[in-house]
Ligand SMILES: [Zn+2]
């Protein structure tokens with residue numbers, strides 16, 4: 001008979017394991033409430049929480065998706081903030097993230113082609129790659145312009161800068177998350193309703209700001225060509241973009257042409273970008289004797305995380321970025337920047353959800 005020694009060793013093993021477990025929980029001091037908080041940014045923690053992993057790309061997309069997904073999913077954006085999303089090459093570690101994804105939400109319109117290629121090669125067979133932009137507008141509504149000329153074939157991909165398209169992205173996120181996690185339908189619908197309320201306030205404020213700018217000043221010349229769909233929506237003219245289609249610096253000839261153009265159309269300011277700091281843009285402003293300031297299209301203002309569940313700064317949001325842009329545009333083109341002060345920039349989920357709530 002050898003059952004007894006086995007029983008004893010099993011008992012010892014169980015005892016041993018429980019001792020290890022005790023030691024572990026003491027060392028890491030995990031309280032029950034801390035264990036429930038899905039605030040850890042580390043990827044290994046996300047998978048252990050057993051929530052679906054939703055991978056996104058640029059910061060505005062990560063922010064919009066995480067506002068709808070809330071605490072039912074883990075959202076991971078793979079294009080770091082402040083990097084050039086147009087030339088971004090995914091790293092080997094991104095292949096690992098993509099291989100664990102349960103849903104991959106990208107902008108599309110050729111913005112993240114290398115990432116989509118890697119996603120197709122690394123993802124699980126059942127994981128869907130969904131292009132938000134391509135499901136928001138049809139190909140006939142694509143815009144080709146200064147840095148995105150038609151002969152190169154890559155349309156201007158900056159749909160989200162137009163708040164109406166950001167609303168469409170939020171609705172698509174809710175739809176895709178519900179398809180992934182049907183029992184969360186009501187939760188996603190509530191988040192969507194709350195978030196759309198904030199986007200509608202942003203849209204309204206945008207129209208008021210535009211109206212406050214003298215009609216002859218409703219013209220944009222920017223370094224990075226990201227305002228095409230915003231301008232079409234809100235009645236602005238994008239008169240040019242400094243950045244050439246290869247995302248390098250423009251030639252001396254192009255610079256001279258731009259200076260002439262600015263003098264001719266008498267625009268009071270031109271706009272740069274912190275993601276693309278350029279001496280050329282400053283030089284053009286100096287030569288054309290106009291003001292210059294920075295706007296942003298995929299870098300959220302201040303410190304924080306694009307993921308709503310990890311973010312503690314109520315301005316570090318997609319809405320915060322657009323409010324900042326509107327302030328800068330209104331200030332430099334003769335409008336009323338204070339018209340955006342009433343817009344709530346906070347996320348509708350996570351630590352900032354009630355940050356700007358009126359008492
Ligand atoms: Zn861009």
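In the set (1) surrounded by fewer than 23 Cβ atoms within 10 Å (Cβ to Cβ); (2) touching a strand residue (DSSP E or B) at 6+ places or on another chain (Cβ under 8 Å), the condition left unmet by residue 325 is number (1). From the residues in segment 279-298 that are within 16 Å of the ligand (Cβ to nearest atom) and either surrounded by 20 or more Cβ atoms within 10 Å (Cβ to Cβ) or outside any strand (DSSP E or B) (or both), which one is farthest from the chain's Cα centre (by Cα)? Looking at the filtered set, the residue picked out is 281. Within segment 80-99, the residues that satisfy the criterion of being within 16 Å of the ligand (Cβ to nearest atom) and touching a residue at least 40 places away in the same chain (Cβ under 8 Å) are 81, 82, 83, 84, 85, 86, 87.
Name the residues in segment 322-344 that are in a loop (DSSP other than H, G, I, E, B) and either closer than 20 Å to residue 273 by Cα or in contact (Cβ under 8 Å) with a residue 40 or more places away in the chain (or both), would you?
Result: 333, 334, 335, 336, 342, 343, 344.
Bear in mind that the values in this text are calculations on the coordinates, not laboratory data. None of these values were measured; they are calculated from a predicted model. With ideal geometry, Cβ positions are generated from the backbone for all residues, glycine too; neighbour counts draw on all protein chains shown.
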